[in-house]
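Enquirer: So that we are looking at the same thing, I have put the structure below in structure tokens.
The values are calculated or read from the model by the stated rules, or taken from the named source; none is laboratory data. A quick note: this is a predicted structure, and the numbers were derived from the prediction, not measured. Glycine gets a Cβ as well: all are built from the backbone with ideal geometry, and neighbour counts include every protein chain shown.
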Amino acid sequence: MTPLLLLLSAPPALAWPAASEWVPLTRNGAPIEDSPGDVQTSFAADYLDLVGSAVSPVGFWYADADTLYLRLRISESPWAAQAGNILLPGSWTFAFDTDGDLDTIDLAVSFSGSALGDNTVLFYRNNNGNSGAGADLSQVYVYSSDPLSDGAARTAEANTTFDGEVDWTIDLAIDRADLEFELELGELTAFRLAPMTADSRQSIVHDADLVAGLDMSDLPGAWSDVLVLDADGDGLTEAQEALLGTDPDDADTDDDGLDDGREDLISTDPLACDSDGDWLPDGLERGVDEPGVDTDLDAGCFLPDLDPSTKTNANVADTDGGGIDDGDEDWSSDGQVDYWEIDPEVGEDDVDTDLDTIPDAIEEKCDRDGNVADDGSGGGDSDRDTLPDAFEWSIPGLRDADGDGEPNFCDRDSDGDGIYDSEEGAEDHDGDGIPDAIDTDSDDNGISDREEGPDADNDSDGIPDYQDTDDEDGPTGDADGDGLTNAEEDACGSDPLDPDTDGDGVGDMEEGPCNEDDDCDGVPNVFDAVDDDLCDRPEQQDDDPPLQGDTFTGGNFTGGACNVNPAAPALWPALLSLIALARRRKGLLALLAAGVSAPAQAQDAGQAINAQRFRPVTDGQRFFTLDDTTVGPAFTAGGSLMMNYAHDPFIYRYTDGREDFPILSNVATADLVGWVNLPRVRVGVDLPLHLASTGYAVDGFRLVGDARVMGVGEIIERQGEGLGVAARAFWDVPTGNEAAWLGEAHTVVGAGAVGSYQWRGLLAVADLGLRSGTGQVFPDELTLGPRLDWGMGANYAITDAIDASLELDGELILGGGTIGSRPAEALAGVRLRPYQDLIVHAGVGGGISRGVGAPDVRAVLGVSWNPREDGGSALYTAAPVSTAPDRDGDGVSDENDLCPDQPEDLNGVDDQDGCPEGNLTPTRVLVLDAAGDQISPSRLEFVSGPDTGSYTLGDGELVRSLEPGAYKVSVSADGYTGETFQLEVPQARIHEHSVRLDKLVAPGSLRVMVRDTDGRPLTATLRLLGEDGQRIPGSDDGLTELSLPPGAYSILISAPDHRSLEKAVELEEGGSASVDVVLEGARVKIEGDRVVILDKVFFELDSDVIKKESFSLLDEVVETLMNHPELVLVEVQGHTDDQGRDAYNDGLSQRRAEAVRRYLVQSGIDPARLQAKGYGERAPLMPGTSEDARAANRRVEFHILSRENER
């Protein structure tokens, strides 16, 4: 018989997947391939050669609710030429990886045969714990001993030819219940597959061919992508979901409330929310009232059914066949028949006389047109709002736009915006597909129609605001937002769409009336981008102070260090005239040029400068103008208000003996600073407000200065004492008044590096950076090019509440060319911390060079809010003298000292906690019980490490500053188990570690007395049922006493030639229990080559499910086998009566034998000692067809195949 005929003659035990259902095994998403001719055998064995390509892959899989199907492709037939039921020597195997270790096979399912034609499908498991290619597989289960007959395997010619001969496929069908029971591979188990072959039968070494490789050394690269039978629990396997296109990890792919598996059963589309297109989601039509776990409500597909007792057909748009779709009948989409709806399961109510798509039964409920339901073809206008009913009904989902319970065709204000439908009409002004009559924001401007009102027309274009998509394009609108209406700009000739018609930086509104011409060139300001300065200049009056001719010549622009001079009197008249006449900055500059000739040139945009050089840093805890490298804890914020006054920061020094001329005499500035800390980065903003200033053309109130955005990032974090490094950067925005010497002409950016060093209470910092220049050139050739910034300072913490600082900072204008290009200042300050996070700052200093911006005197006063790094809330005031005990003499009482045996080092870091920081890490060790409570007292010993010693912890806590490193620590407490552990102390501000100790539990006492039915003591064996299966021999007098931990126990008590008995016992802590047992005579004996049972193993009818009444009998078999380890191999035989087909009885007896074997293995018998074999009706115990004969023939027997001394 050929293999093909053999396959055709076998009973159809199951339906194999169709060709289109097989899913290729893939790796990285591509089908797995295998080259022909790579089989690793010493003889020609193409039947073991795995082959495959991207088009015809080497392996496939499929799974349904009950069965896992596997397929591999080989180069030629696996059958011996001389017989159709004898497989050639070899094994064809699917290896499984379930733990992610790609070097090891965890499970295997293998197909092979014998020279006698006994073909098998075997289960293997890696039970020895080894890993790598050399891990051993052990046979754990004979899945089928006749796989071709019972449908567990099949072979067939393939439609491919890789090496000149027709290829073959081998298919396996594995029951998923057996996979889970025998190999623990369930529906949620993630696994990979790798086809492989061996050159011997029933082999555990598969070295003939490996998919996509040569031998087991290539195993890591042979595995398929990860597979899961049913990851989302929707009843569809991953293979089925791949064919359907659904998401294997989402039980409800289309989020309609129906799981994908259920949709597959009822033939709805699991990828479509609304399979039949009737505007009702499938879940709603099938009565789903609660979303599933994987139903995404944000997808907008699921709608709950308010009446789950009624359902419609989700595959048919018109369930009742009346001519109106279900969605038009249940148009509110809630699953119940509401007042304004008809029943989608009743076709008689689908009549629509006037053909307006609204059923008469609904339309007749609206009587505003005299209860007319047949208004003619196309329908009428039931609510008399000028909009046809058919139009108002035409948008599903919006048939009751305002949700007031009345449908639009019966509602004169359908969207409830206070404007009648007859006014809004059928137009769609914003083009969103929703007519204005049912659109609450008809112009889509974010303001509801109700707010805009029916009559308002702000731009006078004749279109109501609520429908006007451009409220600024009419005559009274202001399209460019420059303050002039479109009509005004049309009259003037300026561009109504450009707020600055001439592009000079001055808006059309600021330019003044249309005909205003400030520079007297005949071109109105609004069109004049260039100041031609053609107006007559004011003449010098006899009684004015002399202008001194060329004022800014013969000297240098500098700072005022060491020089206090009055303002040049000749400039005051020009200044007063400028203040009186100037209406805006452009006019001021023009008049300045006219009034002071040469001096005016110093104030042009070409010589803009910011002479107020004081800029506070963000986190000014230790300095005014110098950044510290420590950023502080992330996600905290703070701010400050810094007031500073500078005298003579900007003067002109003559070299010919004339008095120095103060350009900026006095300036008072308030800086508003805010900052926030991110991980290792601090960013902040400084907004200077110039409250007052005096000098040349600057007297009076000049509010906003140049705003600054700044940031500092830690590079090397300063840990207590030691070195810290950071980078800083800033960006100055020219928002100040450069005409008043208080603003730069252009944006300025800068960056630099900061270094710091902390030693005890002393902190030193140094700063070096570079900033951009503005390119301004002054008459003395002072050029504001790029500048080199520098700074240095020191701060000393006098107490936790008071510190003092001295800081120097300056600039070097590269290529500046004059003495004014090197400003430098010194500033001394103190800080007081009166309460919590509040700091009061005061400082005084002045210039130490004559550079521009360095004043004679500078005074600073400010407050800031800086959250403390330790998050504490204690007062920052110095502690009063205390008489409390202080063992380490550090000024912190033992009561408040976290380290009472280690003196605080007063280094300015957490000095109030009493622990030295320096190069040490304050470390807290907590000794806890299982509930997390501290154990007191407890004992802790540093056995080895940088610090050693023993400590008694009164409250279960030790805080000690430790040198960073590794420590071996031992912890103990009375009534608890001890613990020794490795403690790694890092270099950090603080470190914490906890260790949990288990409470010592007092054992319980168990007394077991065993007798026979005559009352005689029996020498019994006790077995504690559970994972370890501990066996305890009893004494000759029948009494066994045990000491066991508290808990519940199941004890199996057995004695030779007696039945076993299971007893449940519960022991309390320190308690005792007694059990008296009487054992009856045994039902299991060893006679010759059999383990004889004197009772029967009973099964459910026509099933392999063992009845509970037989459990005790099988438990005796277990005890017998455990008591006789010399029985190394026992065959569990299953037998049936003569009823039914032979093949069926063979399968039933095999399954029953395997069920008994499974029970024995689960009870502790080594699976290698047992094999299961079903004999069907071939070995009757009693001939005949009587009920007695058939009852006797339905049996399980145990035959001894091998003993220890027979090996």
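Enquirer: So residue 1078 clears everything in (1) assigned to a strand (DSSP E or B); (2) among the hydrophobic types (A, V, I, L, M, F, W, C); (3) within 15 Å of residue 1025 (Cβ to Cβ); (4) at pLDDT 90 or above except one condition, right? Which one?
Expert: (3)
Enquirer: So which residues in the stretch 727-765 are over 41 Å from the mean Cα position of the chain (by Cα), closer than 29 Å to residue 647 by Cβ and either surrounded by 22 or more Cβ atoms within 10 Å (Cβ to Cβ) or not assigned by TED's automatic domain parsing to the domain that holds residue 711 (or both), if there are any at all? Please lay out each step first, then the result.
Expert: First, the residues of the stretch 727-765 that are over 41 Å from the mean Cα position of the chain (by Cα): 734-746, 759-764.
Applying the additional criterion that residues be closer than 29 Å to residue 647 by Cβ yields 734-746.
Those that are over 41 Å from the mean Cα position of the chain (by Cα), closer than 29 Å to residue 647 by Cβ and either surrounded by 22 or more Cβ atoms within 10 Å (Cβ to Cβ) or not assigned by TED's automatic domain parsing to the domain that holds residue 711 (or both): 736, 738, 740, 741, 742, 743, 744.
Enquirer: Right, another one. Considering only residues of the stretch 1150-1207 that are aliphatic (A, V, I, L, M) and part of a loop (DSSP other than H, G, I, E, B), which is surrounded by the most Cβ atoms within 10 Å (Cβ to Cβ)?
Expert: 1165
Enquirer: Among the residues of the stretch 838-857 satisfying the criterion of being within 48 Å of the chain's Cα centre (by Cα) and surrounded by 17 or more Cβ atoms within 10 Å (Cβ to Cβ), which is nearest to residue 774 (Cα to Cα)? I'd like the intermediate steps shown before the answer.
Expert: Keep residues of the stretch 838-857 that are within 48 Å of the chain's Cα centre (by Cα), which gives 838-842.
Of the ones still in play, those that are also surrounded by 17 or more Cβ atoms within 10 Å (Cβ to Cβ) are 839, 841.
Values: 839: 36, 841: 33 Å.
Going through the qualifying residues, I end up with 841.
Enquirer: Here's something else I'd like to know. Kindly provide the set of residues from the stretch 494-507 that are of a type in the set (Gly, Ala, Ser) and touching a residue at least 24 places away in the same chain (Cβ under 8 Å), ordered by number.
Expert: Scanning the stretch 494-507 gives 494, 503, 507.
Enquirer: Moving on. So which residues in the stretch 254-288 are among the aliphatic types (A, V, I, L, M) and buried (at least 21 other Cβ atoms within 10 Å of the Cβ), if there are any at all?
Expert: Here is the first cut: in the stretch 254-288, the ones among the aliphatic types (A, V, I, L, M) are 258, 265-266, 271-272, 280, 284, 288.
Within the stretch 254-288, 258, 280, 284, 288 meet the criteria.
Here is a yes/no grid of residues against (1) crowded, with 22+ Cβ neighbours inside 10 Å; (2) within 28 Å of residue 164 (Cβ to Cβ); (3) modelled with pLDDT under 90:
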| residue | (1), (2), (3) |
| --- | --- |
| 23 | yes, no, no |
| 29 | no, no, no |
| 40 | no, yes, yes |
| 53 | no, yes, no |
| 86 | no, yes, yes |
| 98 | no, no, no |
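Enquirer: So which residues in the stretch 960-973 are in contact (Cβ under 8 Å) with a residue 24 or more places away in the chain and either of a type in the set (D, E, K, R) or under 13 Å from residue 943 (Cβ atoms) (or both)?
Expert: Those that are in contact (Cβ under 8 Å) with a residue 24 or more places away in the chain and either of a type in the set (D, E, K, R) or under 13 Å from residue 943 (Cβ atoms) (or both): 960, 963, 967, 968, 969, 970, 971, 972.
Enquirer: Can you find even one residue in the stretch 165-174 that is outside the structural domain of residue 1142 (by TED's automatic domain parsing), surrounded by fewer than 21 Cβ atoms within 10 Å (Cβ to Cβ) and under 38 Å from the mean Cα position of the chain (by Cα)?
Expert: No, that holds for no residue.
Enquirer: Quick check on my filter: what residues within the stretch 1162-1186 are more than 21 Å from residue 151 (Cβ to Cβ) and in contact (Cβ under 8 Å) with a residue 12 or more places away in the chain?
Expert: Listed by number, the residues that qualify are 1163, 1164, 1165, 1167, 1168, 1169, 1170, 1171, 1179, 1180, 1181, 1185.
Enquirer: Test residue 422 against the stated conditions and say whether it is touching a Ser or Thr at 6+ places or on another chain (Cβ under 6 Å), in the same structural domain as residue 454 (by TED's automatic domain parsing) and at pLDDT below 80. Steps first, please.
Expert: Numbers: touching a Ser or Thr at 6+ places or on another chain (Cβ under 6 Å): yes; in the same structural domain as residue 454 (by TED's automatic domain parsing): yes; at pLDDT below 80: yes.
The answer is yes for residue 422.
Enquirer: Consider residue 1008 carefully, then state whether it is modelled with pLDDT of 90 or more and touching a Ser or Thr at 6+ places or on another chain (Cβ under 8 Å).
Expert: yes
Enquirer: Next question. Mind telling me which of the residues 975, 945 ends up being over 41 Å from the mean Cα position of the chain (by Cα) and among the small types (Gly, Ala, Ser)?
Expert: So the residue among 975, 945 that is over 41 Å from the mean Cα position of the chain (by Cα) and among the small types (Gly, Ala, Ser) is 975.
Enquirer: Does residue 501 meet the test of being polar (S, T, N, Q) and within 50 Å of the chain's Cα centre (by Cα)?
Expert: Values: polar (S, T, N, Q): yes; within 50 Å of the chain's Cα centre (by Cα): no.
No; evaluated as a whole, the condition is false for this residue.
Enquirer: Could you check the stretch 1101-1127 and list, in sequence order, the residues that are under 51 Å from the mean Cα position of the chain (by Cα) and part of a loop (DSSP other than H, G, I, E, B)?
Expert: Answer for the stretch 1101-1127, where residues must be under 51 Å from the mean Cα position of the chain (by Cα) and part of a loop (DSSP other than H, G, I, E, B): 1103, 1104, 1105, 1107.
Enquirer: Criterion first (touching a Pro at 6+ places or on another chain (Cβ under 9 Å), β-branched (Val, Ile, Thr) and either surrounded by fewer than 20 Cβ atoms within 10 Å (Cβ to Cβ) or free of Cβ contacts under 8 Å to residues at least 60 places away in the same chain (or both)) does residue 830 satisfy it?
Expert: Details: touching a Pro at 6+ places or on another chain (Cβ under 9 Å): no; β-branched (Val, Ile, Thr): yes; either surrounded by fewer than 20 Cβ atoms within 10 Å (Cβ to Cβ) or free of Cβ contacts under 8 Å to residues at least 60 places away in the same chain (or both): yes.
Here the answer is no, as residue 830 does not meet what is asked.
Enquirer: Exactly one condition in (1) more than 22 Å from residue 1004 (Cα to Cα); (2) crowded, with 18+ Cβ neighbours inside 10 Å is false for residue 1051; which is it?
Expert: Here residue 1051 meets the rest and fails (1).
Enquirer: Quick check on my filter: what residues within the stretch 143-183 are at positive phi and modelled with pLDDT of 90 or more?
Expert: Result: 151, single match.
Enquirer: With respect to residue 777, is the statement that it is touching a helix residue (DSSP H, G or I) at 6+ places or on another chain (Cβ under 7 Å), of a type outside the set (Gly, Ala, Ser) and surrounded by fewer than 17 Cβ atoms within 10 Å (Cβ to Cβ) true?
Expert: In short, yes.
Enquirer: Condition check: assigned to a loop (DSSP other than H, G, I, E, B), more than 27 Å from residue 1205 (Cβ to Cβ) and modelled with pLDDT of 90 or more. Does residue 1097 satisfy that?
Expert: Details: assigned to a loop (DSSP other than H, G, I, E, B): yes; more than 27 Å from residue 1205 (Cβ to Cβ): yes; modelled with pLDDT of 90 or more: yes.
Yes; evaluated as a whole, the condition is true for this residue.
Enquirer: Given the criteria modelled with pLDDT of 90 or more and within 41 Å of the chain's Cα centre (by Cα), does residue 111 qualify?
Expert: no
Enquirer: If the Cβ limit is 7 Å and pairs must be 6+ apart or interchain, which residue in the stretch 1073-1099 that is touching a residue at least 40 places away in the same chain (Cβ under 8 Å) pairs with which residue that is exposed (fewer than 15 other Cβ atoms within 10 Å of the Cβ) and of a type in the set (A, V, I, L, M)?
Expert: Filtered contacts from the stretch 1073-1099: 1099/1105.
Enquirer: Could you tell me which of the residues 516, 472, 510 is out of contact with any Ser or Thr (no Cβ under 9 Å at 6 or more places or on another chain) and in contact (Cβ under 8 Å) with a residue 24 or more places away in the chain? Walk me through how you get there before you give the answer.
Expert: On the way: 516 fails: in contact (Cβ under 8 Å) with a residue 24 or more places away in the chain; 472 fails: in contact (Cβ under 8 Å) with a residue 24 or more places away in the chain.
Selected residue: 510, the only one of 516, 472, 510 that is out of contact with any Ser or Thr (no Cβ under 9 Å at 6 or more places or on another chain) and in contact (Cβ under 8 Å) with a residue 24 or more places away in the chain.
Enquirer: Would you check if residue 930 is assigned to a loop (DSSP other than H, G, I, E, B) and either within 38 Å of the chain's Cα centre (by Cα) or among the hydroxyl-bearing types (Ser, Thr, Tyr) (or both)?
Expert: Values: assigned to a loop (DSSP other than H, G, I, E, B): yes; either within 38 Å of the chain's Cα centre (by Cα) or among the hydroxyl-bearing types (Ser, Thr, Tyr) (or both): yes.
It is true that residue 930 is assigned to a loop (DSSP other than H, G, I, E, B) and either within 38 Å of the chain's Cα centre (by Cα) or among the hydroxyl-bearing types (Ser, Thr, Tyr) (or both).
Enquirer: Here is a follow-up. For the stretch 631-668, give me each residue that is within 30 Å of residue 755 (Cα to Cα), among the β-branched types (Val, Ile, Thr) and surrounded by 22 or more Cβ atoms within 10 Å (Cβ to Cβ). Outline the logic, then answer.
Expert: Filtering the stretch 631-668 for residues within 30 Å of residue 755 (Cα to Cα) gives 631-646, 649.
Subset that is among the β-branched types (Val, Ile, Thr): 631, 636.
Within the stretch 631-668, just 631 meets the criteria.
Enquirer: A further question follows. Residue 251: crowded, with 21+ Cβ neighbours inside 10 Å and not in a loop (DSSP other than H, G, I, E, B), yes or no?
Expert: In short, no.
Listed here are the residues, each with its yes/no results for (1) modelled with pLDDT of 85 or more; (2) more than 19 Å from residue 469 (Cα to Cα); (3) over 50 Å from the mean Cα position of the chain (by Cα).
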{"site": "372", "(1), (2), (3)": "no, yes, yes"}
{"site": "398", "(1), (2), (3)": "no, yes, no"}
{"site": "426", "(1), (2), (3)": "no, no, no"}
{"site": "430", "(1), (2), (3)": "no, no, no"}
{"site": "433", "(1), (2), (3)": "no, no, no"}
{"site": "444", "(1), (2), (3)": "yes, no, no"}
{"site": "449", "(1), (2), (3)": "no, no, no"}
{"site": "455", "(1), (2), (3)": "no, no, yes"}
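Enquirer: Another question about this same structure. Within the bounds of the stretch 196-209, is there any residue that is buried (at least 19 other Cβ atoms within 10 Å of the Cβ) and among the basic types (Lys, Arg)?
Expert: Scanning the stretch 196-209 turns up no residue that is buried (at least 19 other Cβ atoms within 10 Å of the Cβ) and among the basic types (Lys, Arg).
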